[in-house]
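The structure appears below as structure tokens.
The values are calculated or read from the model by the stated rules, or taken from the named source; none is laboratory data. Keep in mind it's a predicted model, so treat the numbers as computed, not measured. Neighbour counts run over all protein chains shown; Cβ positions are idealised from the backbone, glycine included. Protein only, heavy atoms only, side chains kept; ligands, DNA and RNA dropped before computing areas. Shrake-Rupley method; radii C 1.70, N 1.55, O 1.52, S 1.80 Å.
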Amino acid sequence: MAISVDTVYKTVLYILNKEQRGYITPDEFNKLGTQVQLEIFENYFEELNQQLRVGGNSSDYANRVKKLEEKTNRFFTSESLTVTQGVGEYWAVANLATLGSGNVVHRLGNIEYVEHRDAAIGIDEIPIELEEANQADFSLARRSKLTRPTAMWPMFYIVDTYVRILPANVTSGTAPYKSYIINYIRKPAGPAWGYTVNSTTGAYMYNVGTSTDFEIDDTDQTDLILKILQYCGVIIRDPQIVQTATQMAQQDDLMEKS
């Protein structure tokens, strides 16, 4: 379940105002919320790496590995990857920055292709996964007849947001043709506390239609609020807010990992 951006913002304001520590605007909150959500999201992978070394347990509700995998799997996405002819006869190129869904690839899973056959010929072939390599190994492999990538053993490497593939099978809609699928973990969408301004009082009024909730798991709501409060303390220059929120966050983290 997602975390209500309205609930988080109002909780942060309540704590700040109760202690008479200051105020942060919706725009400031949205920027802080985006930063903190990314920090917590990236920490999922670090925690999962640590827990995999320890191992899980047989519990349905207290298996940390299972829970962390659930948190990350909700961001798993699979979609078509458009491939066009690149420079020279060797390359086919795909642009990760222009995925059809508009998502940002945070962590790449794999890339595979399927050869689609004409209905009169038969069913589609089994998907073939492309081997990922760095640029040096890719260049070395294609210079040898023994290691040169083939249709059954394709390779790719990434430069900036571009995927370079060999052999260069360009996406086409005429059978038989190959279609490429990219499997990846997307970056969570940035939260937004949407609002309108009251023409009389100048107060910010919550607008659900222009708002976006936090996408991270709802079990991280406490951690989310405490981390936002830490940044609020920096903005309003109140070291006591920073210290208190940090101590509470550390205590919460210790309880989870003990």
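Could you say whether any residue in the range 26-38 is open to solvent by less than 80 Å² (accessible area, probe 1.4 Å), farther than 30 Å from residue 197 by Cβ and in a helix (DSSP H, G or I)?
No, the range 26-38 contains no residue that is open to solvent by less than 80 Å² (accessible area, probe 1.4 Å), farther than 30 Å from residue 197 by Cβ and in a helix (DSSP H, G or I).
Let me spell it out: the conditions are (1) in a loop (DSSP other than H, G, I, E, B); (2) at pLDDT below 90; (3) crowded, with 16+ Cβ neighbours inside 10 Å, and residue 175 meets all of them except one. Which number is the exception?
(3)
Looking at 74, 64, 53, which one is open to solvent by 60 Å² or more (accessible area, probe 1.4 Å), over 21 Å from the mean Cα position of the chain (by Cα) and of a type in the set (Lys, Arg)?
Among 74, 64, 53, only 53 is open to solvent by 60 Å² or more (accessible area, probe 1.4 Å), over 21 Å from the mean Cα position of the chain (by Cα) and of a type in the set (Lys, Arg).
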